[in-house]
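The values are calculated or read from the model by the stated rules, or taken from the named source; none is laboratory data. Everything numeric here is computed off the predicted structure, so don't read it as measured data. All Cβ positions, glycine included, derive from the backbone under ideal geometry; neighbour counts span all protein chains shown.
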Amino acid sequence: MGCCSIELSLTNLILFGVLYFVGKKALKLFKQWKIDRMLEKWDDAPKDKLILHTVWRSKLLPSASPFGLKLETYLRMAKIPYELDTKDVMGPKGKFPWITYKGAHIADSQLIIEFLNKKLDISVNKNTSKEQLAIARACRVVMEEHFFWGLIQYRFIDNVKAVPQLTKIPAMFKLLLPLRSCLLKQRMIDNGIGKHTPTEIYQMTEADLHTVSGALGSKKFFGGDEPCEDDCAIFGGVAQAVWGLPGSSFERLCDGELKNLKEYCERMKEMYWPDWENCMDKS
Amino acid sequence: MKVHTYLRMTQIPYKIDGKDPFGPKGKAPWISLNGEHVADSEFIIAYLNRKCNKDLNKEHSVDQLALGTAVRVMLEDQFSWGMALERFVFNPQEFRKVFGKNLLYDTIILTFGGSVAYKRAVAQGIGAHSREEIEGIVSKNLRAVSSLLGDKKYILGDMPCQDDCAIFGQLGQAVWGLPNSNYEKLVHSELTNLRDYCFRIKDLYYADWDQLISRKRKSA
């Protein structure tokens, strides 16, 4: 009897393991199949129109996604007309924002910008020195690869119940918010930063705002007197701290000690978003 | 390499333990000092600055230091992913030249390490791209660092700052730790100021470099 139950438990364990791996693979294939079907629908979009697929408008700023705000600001800076789609948010590689243009579907804000620069022969960096561009690039990476996790910690892990105040959430998604929170926490642990306490995470990411503020100094933009391409990304991230994280230490820093960042955001907003108020969700 | 270099720059004597590489929070490196254990290189440096009254940044202004930090974060939070993927996923056969012990050990580390590195890179975001795209992104970061360094001795000028330890820790991998990679080719051909920077720091703070490597080869 004893040996029989050990055998049964082992069999169960092996079976469970096999089911787990098969299930994981099947889910991955199903997700890819869904994305492929969705992309087929957009294959028929008019070839001369650029369609920007991104998250729907938020209540506090035009986009609660730093990458969405970055890309839209770039399109305005480069004067590329675009149409917004907020229904098919997730694109190729499971990322957003993504674009459909001349039959191509491209994801990742930075790769999209490089694609459009090449396709349309655009250069918004003409008046910026190589050194200034390098500083702007470094600050973009600080905001996109490090500060981003402070934003996630505050918005989706520590204050997830306040997300509906930032953006409309369909009823079904509201139920899934705690799961989303757990998945994002796991992503942060995989990154490494999630192994720290929330206090340490905020300390490290507040330092990012100090870094970017120090690098900006008294300049109007990171490109100097005129914005450069990476100003779009830096604005996309810093604007979240200024308007999109109410009650956070990030907001307090931008209102107080690092007010050059808030003034910078106001300048970018005035330059590229004269319709800012109309681009928010007023419902 | 970052913490090693900081300890040598600040002349804090230390002893290496290679048996328990992962400490509190499951991170490496970590330190033990007078019964206190600290993980994460930035927290280690901040802790030792306080405990041992060190300040590598006193010669530099706040604005200058911001530049050093921006370069550090760019390397630690993007170049390091390119390095991990190069080592464990795209070019694992070269891994053995840097870390190799024996065939069984290397196979286990590469199999396990490869899938963990890939999974974490996907969670971070960069792993969703192709190898060429990742190399493109990371190479542009190296070019930006090269532009910012220029012909200066250290990232901020003639005197090193705290972030030079981290920057050397990352760039040193491109110079010595990623054999036959495009990153190695880049720092030895187009971005030679990065290679020269690394050799400068190595000559200044690692007089025993060859002995450290030969000790490792003997024990392997």
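For region B:90-100, which positions are modelled with pLDDT of 90 or more and of a type in the set (Val, Ile, Thr)?
Here is the first cut: in region B:90-100, the ones modelled with pLDDT of 90 or more are B:90.
Correct list: empty.
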Any hit, region B:124-142, residues being within 14 Å of another protein chain (Cβ to nearest Cβ), hydroxyl-bearing (Ser, Thr, Tyr) and not in a helix (DSSP H, G or I): yes
Neighbours by Cβ (under 7 Å, 6+ apart or cross-chain): first from region B:107-121, within 11 Å of chain A (Cβ to nearest Cβ) and without any contact (Cβ under 8 Å) to a residue 60 or more places away in the chain; second among the aliphatic types (A, V, I, L, M) and assigned to a helix (DSSP H, G or I): B:ALA117/B:ALA84; B:ALA117/B:LEU85; B:ALA117/B:VAL89; B:TYR118/B:VAL89; B:ALA121/B:ALA84; B:ALA121/B:LEU85
Filtered residues of region B:21-60 (kept if under 25 Å from A:ALA215 (Cβ atoms), of a type in the set (A, V, I, L, M, F, W, C) and assigned to a loop (DSSP other than H, G, I, E, B)): B:LEU56
Evaluation of B:ASP63 against (1) touching a residue at least 24 places away in the same chain (Cβ under 8 Å); (2) assigned to a helix (DSSP H, G or I); (3) over 18 Å from the mean Cα position of the chain (by Cα); (4) within 12 Å of chain A (Cβ to nearest Cβ) (one fails), failing number: (1)
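Rundown of residues vs (1) at the interface with chain B (Cβ under 9 Å from one of its Cβ atoms); (2) among the aromatic types (Phe, Trp, Tyr); (3) under 28 Å from A:GLU206 (Cα atoms), yes/no style:
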position	(1), (2), (3)
A:LEU116	no, no, no
A:SER123	no, no, no
A:GLN132	no, no, yes
A:VAL142	yes, no, yes
A:ILE157	no, no, yes
A:VAL160	no, no, yes
Tabulated pairs, region B:9-25, first within 14 Å of another protein chain (Cβ to nearest Cβ), second at pLDDT 85 or above and assigned to a loop (DSSP other than H, G, I, E, B), C-beta under 6 angstrom, 6+ apart or interchain: B:PHE22/B:ALA28
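Sort through A:ILE113, A:ILE106, A:ILE152, A:ILE122 and tell me the only one that's modelled with pLDDT of 95 or more and either surrounded by fewer than 17 Cβ atoms within 10 Å (Cβ to Cβ) or within 21 Å of A:ILE80 (Cβ to Cβ) (or both). Even if it seems obvious, please write down each step before you answer.
Numbers: A:ILE106 fails: modelled with pLDDT of 95 or more; A:ILE152 fails: either surrounded by fewer than 17 Cβ atoms within 10 Å (Cβ to Cβ) or within 21 Å of A:ILE80 (Cβ to Cβ) (or both); A:ILE122 fails: modelled with pLDDT of 95 or more.
Exactly one residue qualifies, and that residue is A:ILE113.
Report whether or not A:GLN203 is within 14 Å of chain B (Cβ to nearest Cβ) and either out of contact with any Ser or Thr (no Cβ under 9 Å at 6 or more places or on another chain) or not in a loop (DSSP other than H, G, I, E, B) (or both). If you could, list the steps in order and put the result at the bottom.
Values: within 14 Å of chain B (Cβ to nearest Cβ): yes; either out of contact with any Ser or Thr (no Cβ under 9 Å at 6 or more places or on another chain) or not in a loop (DSSP other than H, G, I, E, B) (or both): yes.
Spelling it out, A:GLN203 is indeed within 14 Å of chain B (Cβ to nearest Cβ) and either out of contact with any Ser or Thr (no Cβ under 9 Å at 6 or more places or on another chain) or not in a loop (DSSP other than H, G, I, E, B) (or both).
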Failed criterion for B:ARG131 (all others in (1) in contact with a Phe, Trp or Tyr (Cβ under 8 Å, 6 or more places away or on another chain); (2) buried (at least 19 other Cβ atoms within 10 Å of the Cβ) hold): (2)
